[in-house]
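Working notes, structure below.
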Amino acid sequence: MPQPTQVQRARVDGAIRSLADEVSALMTPPWRTAIRQASVSHSVEVSDALDKVLVNSDLKAARLPAWVHLVRVLQWVLVLAAVAGAGWLVALLVAGGSGSDLPDPPEVGGFGLPWLLLGGGVVLGVVLALLCRVLVQIAARSKAREADRILRSGIREVCDELVVTPIETELATYEAVRTGLSDALR
């Protein structure tokens with residue numbers, strides 16, 4: 001895993017400070033400073049924790065959909081059909097050129113079986129490839145959404161633990177002081 005660049009670290013620090021500034025915008029300067037210090041108290045650990053989340057997250061990218069195995073088998077069947085049809089046609093051509101007399105190939109629907117094997121293998125292969133392209137795009141979008149969800153969940157956990165919780169602790173202290181002062185002034 002490459003080390004984060006200075007720009008990346010600066011972006012993370014900037015986002016953390018921006019959050020602290022937003023949360024403490026209406027507070028007095030000492031409390032704003034306390035909130036900011038709480039927000040960056042674990043900033044060194046944030047990058048390492050985020051790296052660990054990225055490295056250790058199982059994005060489930062290696063798992064293939066079940067239909068992929070069926071398509072592989074079907075592709076091989078179509079390739080074999082096209083090769084068999086082409087081989088048969090070549091054999092008929094060679095036999096006709098050498099004067100050998102081979103029986104006529106069977107016909108299906110008025111077309112010779114070798115031509116159906118060759119044409120069907122090629123045409124159905126192209127149709128299958130186009131269909132698979134659409135299916136792959138759909139599967140890729142689904143995998144990307146799942147990976148995004150997993151990574152965002154991990155990032156959220158790190159940020160909650162190392163940034164939000166210290167800020168919330170400081171905000172709770174602020175609220176306790178305000179409540180105490182309010183009670184004392186009554």
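From the Cα gyration tensor of segment 1-97, with a ≥ b ≥ c the square roots of its eigenvalues, which class applies: rounded if a/c is under 1.5, or else prolate if a/b is larger than b/c, or else oblate? Prolate. For the modelled label position 7 Å from the Cα of L124 along Cα-to-Cβ, which residues of segment 79-114 have backbone nitrogen atoms closer than 20 Å? Flagged as within label range: 79-90, 105-114.
How far is helix 66-98 tilted off the main Cα axis of the chain, in degrees rounded to 10, range 0 to 90? Helix 66-98 and the main axis of the chain meet at about 20 degrees. According to the Cα-based calculation, Rg over Rh for segment 42-116 is 1.57, with Rh computed by the Kirkwood formula. For Cα extents along the principal axes in Å, the candidate list reads [x] 116, 36, 22; [y] 86, 34, 23; [z] 57, 32, 26; the entry that matches the value derived from this model is [x]. The slack between D148 and Y174, meaning 0.36 nm per residue of separation minus the straight C-alpha distance, is 5.8 nm.
Tell me the mean residue ellipticity at 222 nm calculated for the chain from its helices only (DSSP H runs of n ≥ 4, each -39500 (n - 2.57), averaged over every residue, nearest 500).
On the way: 6 runs with 144 residues, N = 186.
Mean residue ellipticity at 222 nm (helix-derived): -27500 deg cm²/dmol.
When Lys and Arg each count +1 and Asp and Glu each count -1, what net charge do the other residues less than 11 Å away from S18, Cβ to Cβ, add up to? Here the charged neighbours net out to 0.
I'd like the FRET efficiency for A95 and V73, computed as 1/(1 + (r/R0)^6) with the beta carbon distance as r and R0 of 45 Å, rounded to 0.05. Please list the in-between numbers first.
Working: r = 32 Å, r/R0 = 0.72.
After rounding, the FRET efficiency stands at 0.90.
Laboratory data are not the source of any read-out in this text; all were calculated from the coordinates shown. Small disclaimer: the values here were computed from a predicted structure and weren't measured. Here Cβ is always computed from backbone atoms with ideal geometry, including for glycine, and neighbour counts include all displayed protein chains.
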